[in-house]
Amino acid sequence: MAAKRRAELMAENRAKLLAAARKAFAEKGFAAASMDELTAEAGLTRGALYHNFGDKKGLLAAVVAQVDAEMARQAQQAAAGATTLWEGLVAEGVAYIQLALDPEIQRIVLLDGPAFLGDPSQWPSQNACLKSTEEMVRRLQAEGVLKPLDVEAAARLLNGAALNAALWVAASSDPHAVLPKVTEAFICLANGFLRNPPVPTPEASP
């Protein structure tokens, strides 16, 4: 029982630190967030932070993983109403890009994350998304929907396009103006993987 209680207490402390850090990183940014302030907010000590996350950067990595996983789930929910698997895959990518308008996501995942944790494509949360995309690409190829390209290459390019589009939106001085342009380009790029891409509708003559 004592061991179980210790495990529960550690989980509670970890959750408190994550919540306090997420709030601080969103409001002030990683660099300006004070470890003393966020541990006080959680009602814990620096020792608890070091024990659970190693250091401040380890705490950022945990917060980024949490938020990025939430982004993936929201994008998957957006794809749930699609008529076909392909439409769902594209809708998932578009939804991920649109989430770049969220101020918390902008600051934590798309600005501070790459600045302090390095290449986002190497994050565990992104690797999980890649595996999911690979499975969908494999199924779509089996159904004859996609061109017979290397599965990993196709999945990496689709995921990379959505990620880099989101990064651009977040870093832009006018995210709302960039979003429709980059969304249109993403859909055009994605359709290039189709065995039978849609034929553009001719514009009406003036």
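The values are calculated or read from the model by the stated rules, or taken from the named source; none is laboratory data. Being a predicted model, the structure only gives us computed values, none of them experimental. Glycine gets a Cβ as well: all are built from the backbone with ideal geometry, and neighbour counts include every protein chain shown.
Tell me, which residue of region 105-134 that is at pLDDT below 95 and charged (D, E, K, R) is nearest to Arg22 (Cα to Cα)?
Of everything passing the filter in region 105-134, Asp119 is nearest to Arg22 (Cα to Cα).
Exactly one condition in (1) assigned by TED's automatic domain parsing to the domain that holds Ser173; (2) farther than 30 Å from Gly144 by Cα; (3) not hydroxyl-bearing (Ser, Thr, Tyr) is not met by Ala42; state its number.
Here Ala42 meets the rest and fails (1).
Within region 24-48, which residues are under 22 Å from the mean Cα position of the chain (by Cα), surrounded by fewer than 17 Cβ atoms within 10 Å (Cβ to Cβ) and not charged (D, E, K, R)?
Gly29, Ala31
Exactly one of these conditions fails for Gln77: (1) closer than 30 Å to Gln141 by Cβ; (2) surrounded by 14 or more Cβ atoms within 10 Å (Cβ to Cβ). Give me its number.
(2)
If you take the residues of region 158-174 that are surrounded by fewer than 17 Cβ atoms within 10 Å (Cβ to Cβ) and assigned to a helix (DSSP H, G or I), which of them is farthest from the chain's Cα centre (by Cα)?
Ala171
Please give the helices (runs of 4 or more DSSP H) falling wholly within region 6-120 in which 1 or more residues are more than 30 Å from Leu194 (Cβ to Cβ) and touching a residue at least 12 places away in the same chain (Cβ under 8 Å).
35-42, 46-53, 56-79, 113-117
Here is a yes/no grid of residues against (1) in contact with a helix residue (DSSP H, G or I) (Cβ under 6 Å, 6 or more places away or on another chain); (2) surrounded by fewer than 19 Cβ atoms within 10 Å (Cβ to Cβ); (3) farther than 28 Å from Leu140 by Cβ; (4) not small (Gly, Ala, Ser):
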{"residue": "Phe53", "(1), (2), (3), (4)": "yes, no, yes, yes"}
{"residue": "Gly58", "(1), (2), (3), (4)": "no, yes, yes, no"}
{"residue": "Ala69", "(1), (2), (3), (4)": "yes, yes, no, no"}
{"residue": "Glu87", "(1), (2), (3), (4)": "no, yes, no, yes"}
{"residue": "Glu92", "(1), (2), (3), (4)": "yes, no, no, yes"}
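(1) of a type outside the set (Lys, Arg); (2) closer than 28 Å to Leu149 by Cβ; (3) surrounded by fewer than 18 Cβ atoms within 10 Å (Cβ to Cβ): which one isn't true of Pro120, the others all being true?
(3)
Inside region 116-143, can you point out the residues that are under 13 Å from Phe30 (Cβ atoms) and more than 15 Å from the chain's Cα centre (by Cα)?
Phe116
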